[in-house]
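What follows is a short report on a single structure.
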Amino acid sequence: MTKSEIAKLQDYLRRKFANNNIRITAMKAADSAEVYIGDESIGVIADDKEDGDDSFVFRMPILDIDLED
């Protein structure tokens with residue numbers, strides 16, 4: 001993912017979730033980036049260029065221990 005794509009995605013997520021603490025950083029894999037809220041990693045965004053369409057997939061794993069009070 002390019003720096004420009006990461007900046008656009010970060011801006012989109014900040015607006016969508018009304019949270020300026022969302023931060024996206026590039027990963028070693030060229031087609032993905034890690035999503036953080038503050039210092040906590042919450043998921044990964046991957047570039048999906050199938051069938052000529054350019055889209056992004058956000059995966060956010062939720063562990064059972066995260067659901068405990």
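Every number in this text was worked out from the coordinates using simple rules, so none of it is lab data. Please read all numbers here as calculations on a predicted model, not as lab measurements. Counting neighbours? That spans all protein chains shown, and the Cβs are built from the backbone with ideal geometry, glycine included.
Mind putting together the pair-distance distribution for region 3-67? All Cα pairs, 10 Å bins, whole percent per bin, short to long.
20, 52, 24, 4
If you count, for each residue, the other Cβ atoms within 10 Å and average over each peptide, how do 42-50, 10-18 line up from highest to lowest? Working shown, then result.
Numbers: 42-50: 14.4, 10-18: 12.7.
Ranked by mean Cβ neighbours within 10 Å, highest first: 42-50, 10-18.
Could you work out the helix-only [θ] at 222 nm for the chain, with each DSSP H run of four or more residues adding -39,500 (n - 2.57) and the total divided by the number of residues, to the nearest 500 deg cm²/dmol?
After summing the helix terms and dividing by the residues of the chain, the value is -6500 deg cm²/dmol.
To the nearest 10 degrees, how steep is helix 3-16 against the longest Cα principal axis of the chain, on a 0 to 90 scale?
40
So between residue 64 and residue 49, what do we pick up on full extension, going 0.36 nm a residue minus the alpha carbon distance?
On the way: separation 15, 0.36 × 15 = 5.40 nm, distance 3.17 nm.
Result for the pair: 2.2 nm of gain on full extension.
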